[in-house]
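Here the structure is laid out as structure tokens; the discussion comes afterwards.
Only the coordinates and a few stated rules stand behind these numbers; no lab work does. Predicted model, so just to flag it, every value in this text is computed and none were measured. As a convention, Cβ positions derive from the backbone with ideal geometry for all residues, glycine included, and neighbour counts pool all protein chains shown.
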Amino acid sequence: MEIPKWLKPFFIFAALYDGILGVLFLIVPLQICKTFNITPPNHLGYVQFPALLLIAFAVLFMNIARDPIANKNLLLYGILLKISYCSVVFYHLAFGVIPLIWVVFAFLDFGFLLIFLYVHKKLEHM
């Protein structure tokens, strides 16, 4: 069974999405907070660590793009990343207050999650 032609470009896009966000939150977190009227945390490490995690996941998604079948085991970690982020944001959206920018990212990540789950199901038989 051959992998779909869109699969590699999709994971390159996923890598760029998380990687660019990670780099931006790593190098200009205060400017992002100011632009979106978000109160910055009391220490930038609270933003920098998740930013570095996003960059690490970007590397993971690039490895999946390079060889989806050989690296299909990595997809579970991407699924868990998206579930984690969406769960936190949608919980706070339902039961509290959360800045809109995090909700926008959560809906985008939910889209990624759905596609990741579809791909995971397709690749498990390859």
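Things worth noting here:
- With neighbours defined as other Cβ atoms within 10 Å of a residue's Cβ, the residues Val47, Val97 order from fewest to most as Val97, Val47.
- Across the options Val28, Ile12, Ile79, the greatest Cα extent toward the positive end of the charge dipole of the chain (unit charges at beta carbon of Lys, Arg, Asp, Glu) belongs to Ile12.
- A helix-only calculation puts the chain at -26000 deg cm²/dmol for mean residue ellipticity at 222 nm, using -39500 (n - 2.57) for each DSSP H run of at least four residues, averaged over all residues.
- Per residue, the Cα convex hull of region 1-102 amounts to 113 Å³.
- Relative contact order of the chain, pairs being alpha-carbon contacts under 8 Å that are 6 or more residues apart, as %: 27
- Excluding exposed DSSP-loop chymotrypsin sites (Phe, Trp or Tyr not before Pro) (at most 14 other C-beta within 10 Å), longest clean stretch of the chain: 37-126
- Comparing Cα centroids, region 87-126 and region 72-86 end up 10 angstrom apart.
- Around the Cα centre of the chain, unit charges on the Cβ atoms of Lys, Arg, Asp and Glu (plus for the first two, minus for the last two) sum to a dipole of about 120 debye.
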